[in-house]
């Protein structure tokens, strides 16, 4: 459990910051769905600190759902609102049509390998006028591949190419000087076997997609959803004095995709649609 607990601690530390960019009015008194909930940190954070009418977390992995249920059972005091966790399939969420007022998708869209199918599911589950709140780290950005623990160099996937990147990760992982992150440790804190040997492309890895923000915009238009908000944040946007300049770079025509560290998105299902 050491690996899971340390990861949870690390993940929980960013939840308050992430949520601060959104409004409690989209949670309080509403039926909420946490898409890609993992071990449940966002679900439980909002259940404990906000006032949803109900909140359901869904994830593909049964072991993650089991950990989320254990964390829910251990909460003292228990949440005031009903909380449930459910295991989803790759193409269907175990949730009724028109049953959610708000869907949350934090730090997960980049890991969805069939994003258009997911957008269609969001549209199915949302009530008319309901919203999807998204925090997304697109692939084209400086750290899009999620390889920072091994290769912290910005834009490495554009500079060196995918095969060279995966081969480098393989060799660095075996280096005695490499300090693994939480997800590379077993329950006893020992480094896991070198997973990088098996891949030479992101498509083969199946962990991050290569979705661009422009392609995402087109998918949204095809799936009965509309943009309420689309806000880009650039590299080092959390550094005082740099936010203005990084935001300008992230919004440059054509090049902004590459300077975008992450985006904050709010989608809405049109009122009267079904």
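No lab work stands behind these numbers, since they all come straight from the coordinates. The shown structure was predicted, so the numbers you read here are calculated from the model rather than taken from an experiment. Every residue, glycine as well, gets a Cβ built from its backbone with ideal geometry; the counts of neighbours run over all protein chains shown.
Mind sorting 106, 22, 178 by how few other Cβ atoms lie within 10 Å of their own Cβ, fewest first?
Details: 106 22, 22 19, 178 14.
Going from sparsest to densest Cβ surroundings: 178, 22, 106.
Where both partners of a DSSP beta bridge lie in the chain, what percent of those bridges are antiparallel, to the nearest 5? Could the numbers behind the result be given before it?
Details: 17 of 36 bridges.
Of those bridges, close to 45 percent are antiparallel.
Can you give me the P(r) profile for segment 156-205? Cα pairs, bins 5 angstrom wide beginning at 0, each as a whole percent.
4, 20, 26, 22, 18, 7, 2, 0
If each residue's Cβ is checked for other Cβ atoms within 10 Å, how do 19, 122, 183 rank with the fewest at the top?
183, 19, 122
Going by the alpha-carbon gyration tensor, a ≥ b ≥ c the square roots of its eigenvalues, is the chain rounded (a/c under 1.5) or, if a/c is not under 1.5, prolate (a/b greater than b/c) versus oblate? Don't skip to the end; give the middle numbers.
On the way: a/c = 1.66, a/b = 1.21, b/c = 1.38.
Here the chain falls in the oblate category.
Rg (Å, one decimal) plus Dmax (Å, integer) for the alpha carbons of segment 174-273?
Every Cα atom of segment 174-273 included, Rg and Dmax give 19.1, 59 Å.
Fewest Cβ neighbours within 10 Å first, please rank 202, 259 accordingly.
Details: 202 19, 259 23.
Ordered from fewest to most neighbouring Cβ atoms within 10 Å, 202, 259 come out as 202, 259.
Could you work out which residue, out of 55, 248, 103, moves most in a Gaussian network model of the chain, that is, has the largest mean-square fluctuation with Cα springs under 10 Å?
Checking each option, the largest mean-square fluctuation is seen for 248.
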